[in-house]
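Worksheet: one structure, shown below.
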Amino acid sequence: MAHSATEDVPADMAGLLIGLTGFELLSLLSLGDEPGAQTTREHLRLPDVASDSPLLAAGVSSLILRGLCLMDGSTLEPQGDLRALVSVLRTATRWLEVNVVAGPGKQAIGGALLVGSGNGSVLLEPRPHSIWHAWPLAPTDTLPAVGVRVVKAHYDRHDTRPLAARLRLTGDAGSRAAALRFTADGRAEIAAGPAGGSNAPRPVDAATAFDALAEALS
């Protein structure tokens, strides 16, 4: 099982971690018409479903049963810390996708979606069995800085090489991509530029590779 970049969190912050199923996230993002919500859903690879879909009904039932939401008439109202999380997801204007693979077969060992808005930012991490960990970020955290920390956490945890990370930052100015690769013999190379473009890799010092990755996304 891939290691979770959110497992080793400070004890005094552990209570802020929210676990959600894919159905619950789909329901929270589908019961509104905000552009940010729809784009977040697309980044999470969740389906676009009709308002009477049984998938939404399953998510709503689960949220209510777990006490994460209440029904106010016909409106689903998130409660507690979930209210702030949903506010970020629905008003999002920036998204950073992070994917990390390792080994000759490029096996996925980790990934995350970081979402930012005027109301804050969060990290969403996929876990087995269609479960997501949602983690609020500090106001001083930028999406590129946290994305690089996610990559480094997996790099430090796994000895398997080669190891590669691909990141794509999307916002009002368009999409920018960066890729960092550590070869089996310890070398590092990075490629960066507009997403979807032909971005040729260049060698970088392995000791400062993560700094180069952060700069490539800025």
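Please list, ordered by chain and number, the residues whose modelled amide H lies under 5 Å from the amide H of Gly193; skip anything fewer than 5 residues away on the same chain.
For Gly193, whose amide H was placed from the backbone, the distant partners under 5 Å are Ala177.
Normalised by the residues of region 141-218, what does the relative contact order come to in percent, with Cα pairs under 8 Å and at least six apart? Can you show the working numbers first?
On the way: 116 pairs, mean separation 20.0, N = 78.
So the answer I get is 26 percent.
With θ taken as phi - 60° and the coefficients 6.51, -1.76 and 1.60, list the Karplus ³J(HN,Hα) couplings across region 29-37 in order, rounded to whole Hz; mark glycine and proline as x.
Listing the rounded values in order: 8, 9, 8, x, 10, 5, x, x, 5 Hz.
Counting only heavy atoms of protein chains, what accessible area per residue, in Å², does the chain have with a probe of 1.4 Å?
50 Å²
Share of region 51-174's accessible area from carbon and sulfur, percent, 1.4 Å?
After summing per-atom areas, the C and S share lands at 55 percent.
Testing the spin-label approximation: label points 7 Å from Cα along Cα→Cβ at Glu34 and Ala108. State their distance in nm.
2.6 nm
Tell me whether region 142-212 comes out rounded, prolate or oblate; compute the Cα gyration tensor, take square roots of the eigenvalues as a ≥ b ≥ c, and use a/c under 1.5 as the rounded threshold.
oblate
First select every other residue whose beta carbon is under 14 angstrom from the beta carbon of Lys106; then total the charges, Lys and Arg +1, Asp and Glu -1.
Overall, the nearby charge balance is +3.
Could you give the length gained by full extension between Asp205 and Arg83, i.e. 0.36 nm per residue of separation minus their alpha carbon distance, to one decimal place?
Length difference between fully extended and current span is 39.6 nm.
With angles folded into 0 to 90 degrees, how steeply does helix 54-65 sit against the dominant principal axis of the chain? Use alpha carbons for both and round to 10.
80 degrees
List the relative contact order of the chain as a percent without decimals, with contacts defined as Cα pairs under 8 Å and 6+ residues apart.
Relative contact order for the chain comes out at 17 percent.
Compute log10 of I(q)/I(0) for region 18-91 with the Debye formula, placing one identical point scatterer on every Cα and leaving out solvent, at q = 0.11 Å⁻¹, to two decimals.
-0.22
What range in the chain is the longest one free of trypsin sites (Lys or Arg not before Pro) that are in a loop by DSSP and have at most 15 other Cβ atoms within 10 angstrom?
Here the longest run is 107-186.
Could you calculate the FRET efficiency of Ala184 with Ala138 from 1/(1 + (r/R0)^6), where r is the beta carbon distance between them and R0 is 45 Å, rounded to 0.05? Could the numbers behind the result be given before it?
Working: r = 36 Å, r/R0 = 0.80.
According to the calculation, E is roughly 0.80.
The values are calculated or read from the model by the stated rules, or taken from the named source; none is laboratory data. Keep in mind that what you see is a predicted model, and the values were worked out from it rather than measured. Positions of Cβ are generated from backbone atoms using ideal geometry, with glycine treated the same way; all protein chains shown enter the neighbour counts. Just the protein is used for accessible areas: all its heavy atoms, side chains included, with ligands, DNA and RNA removed. Shrake-Rupley method; radii C 1.70, N 1.55, O 1.52, S 1.80 Å.
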